[in-house]
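The values are calculated or read from the model by the stated rules, or taken from the named source; none is laboratory data. Bear in mind the structure is a predicted one, so any value in this text is a computation, not a measurement. Quick reminder, even Gly has a Cβ in these numbers, built from the backbone with ideal geometry, and neighbours come from all protein chains shown.
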Amino acid sequence: MEFLSADKTKATGWTTHFQPGQLIAYPVKVDSVIKQHGKYSLSIEKVSDDSGFGVIDYIIPKTFKGQKIQLRGFLKTENVNSGYAGLWLRIDGTDKIIAFDNMHDRGVKGNTDWKEYTIDLDYDSSAAININAGALLIGDGKLWADNFKLFIDGQPIENVPVITPSLSKPEKDTTFKNGSRMDTIAINKQQIVNLTALGQLWGFLKYHHPAIAHGNYNWDAELFRIMPMVIKTKNNRELSKVLEKWVDGLGVPPVCKGCATMVNGADTKLLPDYGILFNRTVLSASLTHKLSWILNNRNIGGGYYIDMLAVGNPDFIHESNYRKMTYPDEGYRLLCLFRYWNMINYFYPYKYAIGEDWNNVLPDCIPKFIRSANTTDYVLNTLALIARVHDTHANMWSNNTALSEYKGKYAVPFQAKFLSGKLVVTGYYNDTLNVKQLVKPGDVIEKINGQQINELIKKYLPYTPASNYNTQLRDLPSQFLLRNNTKTFDLEILRDGKKYNILMNGIGYGVIKYSLDLDPTPNVPGYYLINEQIGYVFPGRYKNTDLPKIEDLFAKTKGIIIDMRCYPSDFMPFTFVPFIKADESSFVKFTKGSADDPGLFVFKETETSPSLKLYKGKVVVIVNSTTQSQAEYTTMALQSSPNVTVIGSQTAGADGDVSAIQLPGGISTMISGLGVYYPDGTETQRKGVKINVVINPTIEGIKAGRDELLEKAKAIILGGAQR
């Protein structure tokens, strides 16, 4: 931080924003007065609501020899109340983040003097290509940062040997690193057939042909090499000829002695679907015969682009996200489509539950991706593609600037949810801008900026990935409906039978306390006695280390309420669940994919939770659309005990360890990578967990400030029938 720009306003080498709004909301300044070491420090101060956090970043684009990395840095804070300040450290690989920590679980708050903080991460010198180190300020206040140091294996980084990574054969092929050279693809019926066949064949070869699996080709680059020849073909015969020559160039795979024929057995959940590759509707008999040989002598044991993690979900490796191409050209946009389509086709355990024939999605999307006129069009078409798999784990999880700008930089500071098909004010995120006088809990919002709510739902639903409609409605208000690029929101509301027009100013989206959706009372303990007869556990704040105290505290209660309207902060199925469980039993079974047999999913082992037989009372689990992933898995484990009753409404319907996906334009998404089922074979994906008593909040209950689900849980414990 000691080297300044010529005008002495910037520290040389430091990045001071990731988004344009951060320059306005969180200006970074050089401070020569308040400092910990040397002549200068850097300060970050929130001055507006144009962004939710400020950042400084120093990038070291080198690979070092070592196994552990430590960042040390001094921080000083002032009035950091709504968020936190901290160091952050990220280790980047070629195609994904290898390690990351931003002190989110131990951030600095309030007013603090200079203090040294540290971050320790594993360092993989065989995969790391960049180190990003810095500080960040989330929420209000001011942060000073100074005297940063990096150590690898205990040695100052300047004393650690730099490694020159050995490049693989695909990494050496940089012919198309700046573009595909494809930007004038005409769209007609034959062209869609051509590109559909190319996309399906490209993916089939990627995951089956040994030459590709062994890392002999940059398969993205090979797509761009063959694409110009494919789009020139005028009929299926010419198409087959071009594609067959391409396949011949890869060589004939040797005989595979371990490639067993796939059988639709009793444990088979999903068989591969090869689209048009083998049905002879498009491709020639000669080409189809050669593809059959490749299928029967396919690669075994993972490959350059796919591996299976220990738990059984796919690991998509060596997939560049081409992050600098914010608006990729036509070839790269088609690469995005082809890559994602094939990942779903061969490695998504719930492809059968998508609700449409996945083979139809590819030709439907080809014109949309080619015609994407700008960055926003491309991002929205990609988001709509992701949404078609109907998986709440699947969304755009990267901080995509174009998508954020499309959704809007301002949002209202109140909470609204859909109840009985109506958008209802249910609470407040931030007590600001006179919000509590303008809108009241129980107000029904009928129009936003002159548009009916149903019109807005129809407009934004295709861009709202989720497993079921209820979860889409969960996300729509905060993601689209109550966001805007203009600061003023014109709301038409219905209150006690009367209509009102409300003009409200929004605040910066990044400063809205949406964490209250998952944890509405963050300062309340994770467990307590409601009264002498009922214990209460909130898994979002529960820790397994709490269990001995819970056992003593709840020993004489009639029942326990587990409020699963959150995301568990600790893994409970083999700790808390045995405490309440009457007998040992299985609660889940899985389907897993295979790199040996892409597209095949077979039921594997079941999971059993033991019983400690310590608690004899009733247990009521409360769920709703916030109950997602690990929360659903934990609910399934709890349900395996007969003393458990589950009440509430449909859950998010997304279970199974996630697999990350990287797409061109720096787009990151995920899928549920494991198939998760009850022991009887019932899936939770899209459907959600089984519910014994369906109950939803009412508008009258919201007006009265009642938690009707909690009231029902108490009633079940104190008297009513369990199921």
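Just a few scattered comments:
- Filter result for Pro328 (outside any loop (DSSP other than H, G, I, E, B) and either acidic (Asp, Glu) or on the phi < 0 side of the Ramachandran plot (or both)): no
- Which listed residue, of Val361, Val425, is surrounded by 20 or more Cβ atoms within 10 Å (Cβ to Cβ) and either in contact with a Lys or Arg (Cβ under 7 Å, 6 or more places away or on another chain) or farther than 16 Å from Gly508 by Cα (or both): Val425
- Residues satisfying the stated conditions in the range 173-210, i.e. at pLDDT 95 or above, among the basic types (Lys, Arg) and within 18 Å of Ala221 (Cα to Cα): Lys206
- Gln437 more than 23 Å from Gln472 (Cβ to Cβ), surrounded by fewer than 20 Cβ atoms within 10 Å (Cβ to Cβ) and free of Cβ contacts under 8 Å to residues at least 40 places away in the same chain: yes
- Where strands (runs of 3 or more DSSP E) sit wholly within the range 625-721, those with at least 3 residues that are under 30 Å from Tyr327 (Cα atoms) occupy 658-663, 667-672.
- Test: residue in the range 262-285 that is in a helix (DSSP H, G or I), without any contact (Cβ under 8 Å) to a residue 40 or more places away in the chain and outside the structural domain of Phe603 (by TED's automatic domain parsing): yes
- Filter pass, Ile91 being surrounded by fewer than 20 Cβ atoms within 10 Å (Cβ to Cβ) and of a type in the set (A, V, I, L, M): no
- Test for Gly73: is it modelled with pLDDT of 95 or more and in contact with a Leu (Cβ under 6 Å, 6 or more places away or on another chain): yes
- Among the conditions (1) modelled with pLDDT of 95 or more; (2) surrounded by fewer than 16 Cβ atoms within 10 Å (Cβ to Cβ), the only one that Asp563 does not satisfy is (2).
- The residues in the range 412-464 that are under 19 Å from Leu518 (Cβ atoms) and among the small types (Gly, Ala, Ser) can be counted, and the count is 2.
- Filter result for the condition that a residue is of a type outside the set (Lys, Arg) and crowded, with 18+ Cβ neighbours inside 10 Å, over Met262, Met227: Met227
- From the list Phe574, Phe579, the one residue that fits, being among the aromatic types (Phe, Trp, Tyr) and in a helix (DSSP H, G or I), is Phe579.
- Answer from Gly355, Gly442, Gly421, Gly450 - the residue that is at positive phi and touching a helix residue (DSSP H, G or I) at 6+ places or on another chain (Cβ under 8 Å): Gly442
- Subset of the range 20-39 [crowded, with 19+ Cβ neighbours inside 10 Å and part of a loop (DSSP other than H, G, I, E, B)]: Tyr26, Lys35
- Selection within the range 493-508: residues that are under 16 Å from Lys436 (Cα atoms) and of a type outside the set (A, V, I, L, M, F, W, C). The member of this set that is nearest to the chain's Cα centre (by Cα) is Gly506.
- Any hit, the range 179-201, residues being of a type outside the set (Val, Ile, Thr), more than 28 Å from the chain's Cα centre (by Cα), closer than 17 Å to Asn296 by Cα and surrounded by 16 or more Cβ atoms within 10 Å (Cβ to Cβ): yes
- Pairs, first outside the structural domain of Asn321 (by TED's automatic domain parsing) in the range 169-187, second at pLDDT 90 or above and of a type in the set (Phe, Trp, Tyr), C-beta under 6 Å, six or more apart: Phe176/Phe224; Ser180/Phe224; Ser180/Tyr332
- Test: residue in the range 286-294 that is surrounded by 14 or more Cβ atoms within 10 Å (Cβ to Cβ), in contact (Cβ under 8 Å) with a residue 12 or more places away in the chain and at positive phi: no
- Single unsatisfied condition, Ser625 versus (1) farther than 16 Å from Gly675 by Cβ; (2) touching a strand residue (DSSP E or B) at 6+ places or on another chain (Cβ under 7 Å): (2)
- Residues (crowded, with 24+ Cβ neighbours inside 10 Å and β-branched (Val, Ile, Thr)) located in the range 662-686: Ile667, Thr669, Ile671, Thr684
- Residues of the range 567-622 satisfying the condition of being surrounded by fewer than 16 Cβ atoms within 10 Å (Cβ to Cβ) and aromatic (Phe, Trp, Tyr): Phe571, Phe574
- Hits in the range 137-173 - residues which are over 30 Å from Lys206 (Cβ atoms) and of a type in the set (A, V, I, L, M): Leu137, Ile138, Leu143, Ala145, Leu150, Ile152, Ile157, Val160, Val162
- For the range 305-312, the criterion of being in contact with a Gly (Cβ under 9 Å, 6 or more places away or on another chain), part of a loop (DSSP other than H, G, I, E, B) and modelled with pLDDT of 95 or more is met by at least one residue.
- Matching residues, the range 398-439, being within 25 Å of the chain's Cα centre (by Cα), in a strand (DSSP E or B) and hydroxyl-bearing (Ser, Thr, Tyr): Tyr410
- Lys68 meets the conditions (1) modelled with pLDDT under 95; (2) surrounded by fewer than 14 Cβ atoms within 10 Å (Cβ to Cβ) in every case but one. The failed one is (1).
- One residue alone among Asp307, Asp315 is surrounded by fewer than 23 Cβ atoms within 10 Å (Cβ to Cβ), farther than 23 Å from Pro228 by Cα, in the same structural domain as Lys234 (by TED's automatic domain parsing) and touching a Pro at 6+ places or on another chain (Cβ under 8 Å), and that residue is Asp307.
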